[in-house]
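Derivation of every value follows stated rules applied to the coordinates shown; laboratory data play no part. Values in this document were obtained by computation on a predicted structure and should not be read as measured data. Cβ coordinates were reconstructed from backbone atoms using ideal geometry, including for glycine residues, and neighbour counts include every protein chain displayed.
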Amino acid sequence: MTDPTDLTASEAENQQPTGDKTIISTLGLVVGVIVFTALLFGIVVVNSLVSVRVKQTLAAVNAANLQSVRVQRMTATLLEIQRDTRLGRDVSQEQTDLAATSAAFDQTENALKSGGRVQDATGTDVAIDPLGAEAKQKLADADGYWATIHTYITAYLSNRSTSALDNAMAASVRTGPRLSDTMNQIAIQEADASSIDLASLSSTRSLMTGLSVLTFLGIIASLLGRVREGQRTVILYAESLEKRNKDAEDGARLLAEAKAGSDMIMETVTQGLFLIDPSYRIAGEYSRELEQIFRMPDLTGFNLLNILQRLLTERMFNTSKDYFALLFDKTKKQRTVLQVNPLAQIEVNFPNSEGGYTSRFLNFSFRRIVEDAKITRVFVAVSDVTERVQLEHELRAAEARKERQFEFLLGVLHIEPKQLDDFMTTAREQIAIMNDALRAQDFAGASSGQMDILRQRLDVVYSSVHNIKGNAMMLKLTYFQNVCQEFESKIVSLRNRVALGGDDFLAVVISQSELSKDLDELQEVRQRFLGIGRGGPTPELAALSANGAPVNGRPATDPLLTPIATLADEMAKASGKEVRVEAQGFDTRLLNDAMRRSVKDVLIQLTRNSVSHGVESPQERESLGKARGATISIRGLSDLPIGSFGFTFRDDGHGLDPERIREKAMAKGLITGGSASGMSSKDIVGLIFSAGFSTADVASEDAGRGIGMNLVKNIVVDQYGGKINVTSEVPRYTEFTIVLPLGARTIEPSDDLHAQLIES
């Protein structure tokens, strides 16, 4: 009787080959997993190399192009020096710029030649390798051209003579274009050479990607082969039930081990890995991380587009849908399709339990799987890169803060500590006024019938911002001047709206908050560098003589007049005018700090008004028989009642034309034709203090907003209960007489408005 466990002769012959195949299959699976992991790591390494190479290439090309720009800048600077020298102007700044540009050219030239650090397009220092052989030949030509120009520039900067300047200018005009063209050629050659290197790296990356996909498919195929081998073993040992069961158990064990290895990979990988078919449905095998990323269980069979639709904006979803169609379009090259991936880094929003949304950043990458010349599936890898993106944002914010504080430091080095402290005190006072005018509870309860009150609140904020901008302009704090200019533009946009509501003020509140934070940073810089600026007076104050007489056209007596004169000079130069400030008997040093700052604010607005509107251009003044340069006179008043302070502010411009003021006021709706006919010239002139009134035809940074003179009236009359008198004669002069009672209580402009809102 035959034992059922005995093997037939044929089975005995096949037993050893079957065992060998099992071992080989297991080893192949393990090797496949190792190769697959190595290929994924290699892809990451190649991507890093591509990124570094691109960054270096961009930096080198940018440096070469920048050299071309510097050649043109040096030529332009030499032209400015020639012109200003002939006109007798100070050329020290142009000489400094020329020396700095020449030094920068040398430093970059050495970096291109021998390798070093240059700045990329974002201003970040990047290390670059020496240029290639072809580019170095061009660089040698450029060195020859530069040596000629540099020799003459160095000679001029050494002796500053006219002949040396002419020689330098001639050399720059003669050789500069060739040098500039050579640097452009170097940039082109370097870009071409880098394109070849990047193409090689990209080919390597594509090869590794293809191999990784093939390896992954090989692993799957190996598992399927193991299943088939188990089935074959069952058939082979069909005659022996006991042996068949034993072999079946062995096959199941081996299959479980293989699947456990695959599952381990899919469980531990930190990316969401999965396959989608042409209908964008997710295959059954995917990494567990995918459920964490999408925050959904059991994703098998889900349409990827449907998942993205609830996470993306409508515009981004439509773009993604079009891109998925390209992925399965075999007429489009894979390389081209992958280069335009819109999901390389996107922001998605997941609903949370509190009824809001949680934002995350995801990175998608795609690879096609082609079978029988058809794109049957696409391999997708998705990663949650939120922490990396947030870190990048934090680093950029920190760098921006450092740059802003450095800009603040450079901006305040020329300012006396007392003047800077006055600016910050004034700005804080105006911020407090804005805070009061922007009280959230008032706007939340405001109805449509309170539109005029909301507009008054907006005018209060506008006036405060305008005040801060004027003070910043006087001290040449360009950063704050620009911030306030943008702030004013937002307010103007609101003022032009037909209807206003509380929600419309969100942009104003945000801008006010950002301005307050900027002041905090300025205060931090001020405290950290407390000793800077205390070593002595500024050059302007040092230019004042002991008896208080004007020196070099600067006003004397009160230090407050120095920045006012500087402001007038800067504005005049910017508008092509000539203005000088003279003073007599003006002294605010005995006033308390609050009133002295208020007087300063009034002087700033009167100065800006005179330079922008009052004085004429030199050509127009000559045609009227006047001197080319206009004069602003500031004189203290001595014959005043006890307990008063006063001064006059006069410019010898074209004066105030009542008819022109009348026309502008009617055009702006401040008065009607009927009321205008019954108004005296004095009443008409008084309209210049109305909010929104301006004689400028076009609004600019310095004029046309209709706020400056209204601010003067608010300070003198509304806050201090003082008086303003205006006298003018066309076309000879305009004079403002300001009288303030000492010890008067200031009135906050927003107090009445708050009461109106409450009463309404």
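Quote the convex hull volume per residue of the chain, based on C-alpha atoms, as a whole number of Å³. Show your work: numbers first, answer last.
On the way: hull volume 196.0 nm³, N = 760.
Convex hull volume per residue, Cα atoms: 258 Å³.
If contacts are Cα pairs under 8 angstrom and at least 6 residues apart, what is the relative contact order of the chain in percent? Could the numbers behind the result be given before it?
Working: 967 pairs, mean separation 58.8, N = 760.
Contact order relative to length: 8 percent.
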Taking the Cα centre of the chain as origin and charging only Cβ (+1 Lys, Arg; -1 Asp, Glu), how large is the dipole, in debye to the nearest 20? 1300 debye
What does the extension gain come out to for LEU157 and ILE188, with contour length at 0.36 nm per residue minus their alpha carbon separation? 7.9 nm
Residue span ILE220 to GLU354: 0.36 nm per residue of separation minus Cα-Cα distance leaves a gain in nm of 43.9 nm
Toy charge model, Lys and Arg Cβ at +1, Asp and Glu Cβ at -1: segment 633-743 dipole around Cα centroid in debye, rounded to 20, equals 220 debye
With angles folded into 0 to 90 degrees, how steeply does helix 750-759 sit against the dominant principal axis of the chain? Use alpha carbons for both and round to 10. 70 degrees
Any idea what angle helix 386-412 forms with the longest principal axis of the chain, computed on alpha-carbon atoms, 0 to 90 degrees, nearest 10? 20 degrees
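When the helices in the chain are scored as -39500 (n - 2.57) per DSSP H run of 4 or longer and the sum is shared across all residues, what 222 nm value do you end up with, to the nearest 500 deg cm²/dmol? Let's see the in-between values first.
Working: 24 runs with 460 residues, N = 760.
So the helix-based figure for the chain works out to -20500 deg cm²/dmol.
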Virtual spin-label span in nm between GLN309 and LYS723, 7 Å along Cα→Cβ: 7.7 nm
Name the residue farthest towards the positive end of the dipole of the chain from the options VAL581, VAL412, THR300, assuming +1 on Cβ of Lys and Arg, -1 on Cβ of Asp and Glu, about the Cα centre. VAL581
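Is the shape of segment 615-671 rounded, prolate or oblate, going by the alpha carbon gyration tensor and its root eigenvalues a ≥ b ≥ c, with a/c under 1.5 for rounded and a/b larger than b/c for prolate? Walk me through the intermediate numbers first.
Working: a/c = 4.00, a/b = 1.21, b/c = 3.32.
It comes out oblate by the Cα gyration axes.
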Which of the trypsin sites (Lys or Arg not before Pro) across segment 270-373 are loop residues per DSSP, with 16 or fewer other Cβ within 10 Å? ARG288, ARG295, ARG310, LYS330, LYS332, LYS333
Over segment 21-236, equivalent-ellipsoid semi-axes from the Cα gyration tensor in Å: 63, 14, 11
With +1 at each Lys and Arg Cβ and -1 at each Asp and Glu Cβ, the charge dipole magnitude of segment 269-384 around its Cα centre, to the nearest 20 debye, comes out at 460 debye
For LYS138, give me every one of the lysines with a C-alpha distance below 17 angstrom, ignoring sequence neighbours fewer than eight places off in its own chain. LYS113
Taking the Cα atoms only, what angle lies between the long axis of helix 478-495 and the longest principal axis of the chain, rounded to 10 degrees? 90 degrees
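Would you mind checking the pairs LYS469/LYS573; LYS418/LYS490; LYS469/LYS490 and listing those with alpha carbons more than 24 angstrom apart? Show your work: numbers first, answer last.
Details: LYS469/LYS573 19 Å; LYS418/LYS490 31 Å; LYS469/LYS490 14 Å.
Exceeds cut-off: LYS418/LYS490.
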For the chain, build the charge dipole from Cβ charges (+1 Lys, Arg; -1 Asp, Glu) around the Cα centre, then report which of LEU214, LEU522, SER163 sits farthest towards its positive end. SER163
